[in-house]
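Student: Please find one structure pasted underneath; my questions will follow.
The values are calculated or read from the model by the stated rules, or taken from the named source; none is laboratory data. Predicted, not measured: the structure shown is a model, and the values here were computed from it. Backbone-built Cβ (ideal geometry, glycine too); neighbour counts: all protein chains shown.
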């Protein structure tokens, strides 16, 4: 940064400090913490970290930063896997952790208004007494604002959809500090452009989300979980296809490969055969859940599965999904001290067996450890490519593997990211995935943020 | 239009005729047909009607019209209820009826690629052998392009969502003739702004949809329908709320009032008591469907319903839903020769009983016949306000009723349109429903269509 720009930035920080007092931090520990990420990107700290407490305060911050042309990056829990919240061009990181309240639960309408810093586990706790739940469950205990910004999903998308389907409305502060409210409390609307859907997945590049209205679901009367081993991936994937096509309303249908089974055995003290598995969950009435489990058990067994086991015991279920949610950390533990390149492709389900098989062969040939697991009901899977920090050769090999996976997804009619988002990590594929559509995104960005101060350097050209 | 503008328009038409030959029409009958609508708006014919056959042809048409600043209005079946496809500023209407093919059914991936002029009933016929179906069912036999453009829904949205949830991707021709493809064939993606969601519901103001990839669903193993009478609206609506909250996966849950029951008796030779009713449908396995019907029967009976009858016989079901789909025409038949102002508000379900009761009282006091019916699982209902053509006083009274309904929806946290769209009819409420969000829509419109040639005069400021 040259002298003039540096002075301007210091002036911005001074104005923000006047507004926020000690909730504007420039301490090395604050900057360091907000310059880190959970995967392989190098640290990129901001110039300052602001801790706003209200929508109005975010609006005032945006007015100041907009007048000074200062970048603003919204920060939830920092669990993005694509470097979304790194301060590529410095500026001010808005840490939303002090806006973490449940504002209002509307049990009758099955919706809830929350602030963006609330995490999904905190929301789950708050909803416990209501008989309702919010289904979206990325591996991390992410913030709901961050989940909306990256259009996150998780293990239940096959039944309940993604953040795209479960955000009813938003309060957003625009680049110039203007506050807008998208959506209504009605369940559906045909009134104009779907601004809610535009901001969901916009990765902080069009506005800062300061409030969310989320759709809730009734807790099912009964829940049961099941697990089934397979001798090969094709059999597992074919079982998934047959199950989905038969119209059985699966709540979860997750795939893990041999390497992931091994990681679970070590990290979570599980006792799984070192084979590909499907992990399943059923929601419904007690009799419906039993019937569904039986039907799926038959499908899996017919197609080569064995040891199909199901359980309605809550403690068995909890252990299973707790293990699944920690899969990323279990994979990391396979190689002590490792970091990872995490992939996230999603393909039409008819191409899933091919995509997984080719990826496994590619990983095996590379010598990089890379457990594969995924939300196969959606056609979405991840490889966790393990590398030792500082091992440039391994990192390069992992990035090349990830590159070939992305190209494979595009060749099969899929997407380079099912749920992690673009951030810094996937920008190189936007032109190929979207063609001229990427320019349309750029036109929208320019119309709403002409100075490019909202999370610059991410997603767009 | 002044002389210069008129000559320019004639020049545009000449260029289009050179491109399209006899598929560019200016005959009075063509212009007249494409200047009409199904509700109360006066005729507004275009200057010419084009019948494109391909995406490339639409692109060439847009290049010509863009160079000449000529308005372009996409036309599906003309069944919009808000004057969407009227040529308010003249120009060229693109009649998409010759782009009505199913391009590809992917049974394994449960999706289908179609051209926009295909109607929902034609698609239903094409899918019959596949074991799959497309659930969205507005009353009219609308085109799928038109349904996407207005974010349509119908009786099954409570289970399967609206067009928002069932369009996986689009091919769109932009104002300057550029062709983009949104979405992929993957079931979900976090790759950039959700352009699919932006174009769905954009009412032809951002681009012309020339191809759609739609999500299909497995035909349920068993289907049963039910009907239940109530003595008052509150009891019916409370039954709906209790049913939804209990997590019973309703496929359809529709409300009709006494006046609609009477219309059904006359128009469809039904034999319903002149009372409010719920019409219901259940999808699932044979045992699940029976269990659900029993549970809902108990809920309705507990809350004051009577004569709960259910049937798994296909012919009973078909008769019921055929009657429901023709409700608009049945209502019109209550007053021979009538036209109608059709309302479409959607409110949080906790406000539904209040919204319906107040609306009924308001209609009763007005003296205008106005049957009420709706997709109450979504909080969405319609009043069909009957007026004799030329009766200005009745028309004014009906429009005032509709105005008060719209205001009521907004006051209750709802939307002025659940599924019909804005078009010309609801523009006056956009500022109140969206506040500064309406300006954001305007910025996006200006960025993508700076000349305002795509369906000008609709939805936006």
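Student: Which of the following residues is touching a residue at least 24 places away in the same chain (Cβ under 8 Å) and either in the same structural domain as residue B:376 (by TED's automatic domain parsing) or under 23 Å from residue A:417 (Cα atoms) (or both): B:165, B:176?
Tutor: Exactly one residue qualifies, and that residue is B:165.
Student: Here's something else I'd like to know. In contact with a helix residue (DSSP H, G or I) (Cβ under 7 Å, 6 or more places away or on another chain), more than 14 Å from chain A (Cβ to nearest Cβ) and either surrounded by fewer than 24 Cβ atoms within 10 Å (Cβ to Cβ) or not in a helix (DSSP H, G or I) (or both), is that true of residue B:259?
Tutor: Answer is no for this residue.
Student: Among B:387, B:372, B:422, B:349, which is the only one that is within 24 Å of residue B:461 (Cβ to Cβ) and touching a residue at least 40 places away in the same chain (Cβ under 8 Å)?
Tutor: Being within 24 Å of residue B:461 (Cβ to Cβ) and touching a residue at least 40 places away in the same chain (Cβ under 8 Å) holds for just one of B:387, B:372, B:422, B:349, which is B:422.
Yes/no matrix, rows are residues, columns are (1) surrounded by fewer than 24 Cβ atoms within 10 Å (Cβ to Cβ); (2) within 30 Å of residue A:439 (Cβ to Cβ):
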residue	(1), (2)
B:412	yes, no
B:417	no, no
B:423	no, yes
B:428	yes, no
B:432	yes, no
B:439	yes, yes
B:442	yes, yes
B:447	yes, yes
B:450	yes, yes
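Student: Just checking, does segment A:228-251 include any residue being under 18 Å from residue A:376 (Cα atoms), assigned to a strand (DSSP E or B) and out of contact with any helix residue (DSSP H, G or I) (no Cβ under 7 Å at 6 or more places or on another chain)?
Tutor: yes
Table: residues versus (1) in the same structural domain as residue B:397 (by TED's automatic domain parsing); (2) under 24 Å from the mean Cα position of the chain (by Cα); (3) surrounded by fewer than 20 Cβ atoms within 10 Å (Cβ to Cβ).
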residue	(1), (2), (3)
B:11	no, no, yes
B:33	no, yes, yes
B:47	no, no, no
B:56	no, no, yes
B:60	no, no, yes
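Student: Shifting gears a bit: For residue A:253, which of the numbered conditions (1) farther than 30 Å from residue B:215 by Cβ; (2) in contact (Cβ under 8 Å) with a residue 60 or more places away in the chain fails to hold?
Tutor: Unmet for residue A:253, out of (1) farther than 30 Å from residue B:215 by Cβ; (2) in contact (Cβ under 8 Å) with a residue 60 or more places away in the chain: (1).
Student: Across segment A:288-310, which residue is farthest from the other protein chains (Cβ to nearest Cβ) among those that are surrounded by fewer than 20 Cβ atoms within 10 Å (Cβ to Cβ) and in contact with a helix residue (DSSP H, G or I) (Cβ under 7 Å, 6 or more places away or on another chain)?
Tutor: A:304
Student: Continuing with the same structure: Against the condition closer than 23 Å to residue B:270 by Cα and assigned to a helix (DSSP H, G or I), how does residue B:383 come out, does it pass?
Tutor: no
Student: Follow-up question, since we're still on this one. Would you point out which residue out of B:408, B:461 is in a helix (DSSP H, G or I) and surrounded by fewer than 22 Cβ atoms within 10 Å (Cβ to Cβ)?
Tutor: B:408
Student: Here is a further query. Confirm whether residue A:120 is surrounded by 20 or more Cβ atoms within 10 Å (Cβ to Cβ), facing another protein chain (nearest Cβ under 8 Å), closer than 22 Å to residue A:75 by Cβ and modelled with pLDDT of 95 or more.
Tutor: No.
Student: Please go through segment A:71-116 and give me each residue that is touching a helix residue (DSSP H, G or I) at 6+ places or on another chain (Cβ under 6 Å), surrounded by 22 or more Cβ atoms within 10 Å (Cβ to Cβ) and not in a strand (DSSP E or B), ordered by number.
Tutor: Scanning segment A:71-116 gives A:76, A:96, A:109, A:116.
Student: Scan A:331, A:338 and give me the residue that is surrounded by fewer than 22 Cβ atoms within 10 Å (Cβ to Cβ) and either touching a helix residue (DSSP H, G or I) at 6+ places or on another chain (Cβ under 6 Å) or under 15 Å from residue A:257 (Cα atoms) (or both).
Tutor: Residue meeting the stated conditions: A:338.
Student: Taking only segment A:119-136 into account, find how many residues are touching a strand residue (DSSP E or B) at 6+ places or on another chain (Cβ under 8 Å) and in a loop (DSSP other than H, G, I, E, B).
Tutor: Going through segment A:119-136 one residue at a time, the tally reaches 3.
Student: Among what's in segment A:189-223 and is facing chain B (nearest Cβ under 9 Å) and in a strand (DSSP E or B), pick the residue that is modelled with the lowest pLDDT.
Tutor: Per the stated criteria, the residue is A:218.
Student: In segment B:176-187, which residues are surrounded by fewer than 24 Cβ atoms within 10 Å (Cβ to Cβ) and either out of contact with any helix residue (DSSP H, G or I) (no Cβ under 6 Å at 6 or more places or on another chain) or within 8 Å of chain A (Cβ to nearest Cβ) (or both)?
Tutor: Passing the criteria: B:178, B:179, B:180, B:181, B:185.
Student: If you check residue A:129 against the conditions, is it free of Cβ contacts under 8 Å to residues at least 12 places away in the same chain, over 22 Å from residue A:16 (Cα atoms) and away from every other protein chain (no Cβ under 14 Å)?
Tutor: Criteria met by residue A:129.
Student: Please work out if residue B:150 is more than 9 Å from every other protein chain (Cβ to nearest Cβ) and either surrounded by 18 or more Cβ atoms within 10 Å (Cβ to Cβ) or over 21 Å from residue B:322 (Cβ atoms) (or both).
Tutor: For residue B:150, the condition - more than 9 Å from every other protein chain (Cβ to nearest Cβ) and either surrounded by 18 or more Cβ atoms within 10 Å (Cβ to Cβ) or over 21 Å from residue B:322 (Cβ atoms) (or both) - is not met.
Student: Given the criterion more than 10 Å from chain B (Cβ to nearest Cβ), closer than 23 Å to residue B:195 by Cβ and in a helix (DSSP H, G or I), identify the matching residue among A:361, A:353, A:365, A:428.
Tutor: Sole residue among the options that is more than 10 Å from chain B (Cβ to nearest Cβ), closer than 23 Å to residue B:195 by Cβ and in a helix (DSSP H, G or I): A:428.
Student: Condition (residue is closer than 19 Å to residue B:82 by Cβ, touching a helix residue (DSSP H, G or I) at 6+ places or on another chain (Cβ under 9 Å) and at pLDDT 95 or above) applied to segment B:352-366: is it met by at least one residue?
Tutor: yes
Student: Moving to a separate point now. Would you tally the residues in segment B:79-107 being closer than 28 Å to residue B:132 by Cβ and out of contact with any strand residue (DSSP E or B) (no Cβ under 8 Å at 6 or more places or on another chain)?
Tutor: Residues in segment B:79-107 being closer than 28 Å to residue B:132 by Cβ and out of contact with any strand residue (DSSP E or B) (no Cβ under 8 Å at 6 or more places or on another chain): 3 in total.
Student: Okay, next question. Can you pull out every residue in segment B:153-175 that is buried (at least 24 other Cβ atoms within 10 Å of the Cβ), over 13 Å from the mean Cα position of the chain (by Cα) and more than 22 Å from residue A:350 (Cα to Cα)?
Tutor: B:158, B:172, B:173 - these are the residues of segment B:153-175 that are buried (at least 24 other Cβ atoms within 10 Å of the Cβ), over 13 Å from the mean Cα position of the chain (by Cα) and more than 22 Å from residue A:350 (Cα to Cα).
Student: Within segment A:434-445, is there a residue that is more than 10 Å from every other protein chain (Cβ to nearest Cβ) and more than 22 Å from residue A:152 (Cα to Cα)?
Tutor: Looking through segment A:434-445, none of the residues is more than 10 Å from every other protein chain (Cβ to nearest Cβ) and more than 22 Å from residue A:152 (Cα to Cα).
Student: Please go through segment B:380-424 and give me each residue that is facing chain A (nearest Cβ under 8 Å) and either over 24 Å from residue B:240 (Cβ atoms) or modelled with pLDDT under 95 (or both), ordered by number.
Tutor: Scanning segment B:380-424 gives B:421, B:422.
Student: For residue B:139, all conditions in the list (1) touching a strand residue (DSSP E or B) at 6+ places or on another chain (Cβ under 8 Å); (2) touching a residue at least 40 places away in the same chain (Cβ under 8 Å); (3) away from every other protein chain (no Cβ under 12 Å) hold save one; what is the number of the exception?
Tutor: Only one criterion is unmet by residue B:139, namely (1).
Student: Follow-up question, since we're still on this one. Among the residues of segment A:147-167, count how many are touching a strand residue (DSSP E or B) at 6+ places or on another chain (Cβ under 8 Å) and farther than 14 Å from residue A:210 by Cα.
Tutor: So the count comes out to 10.
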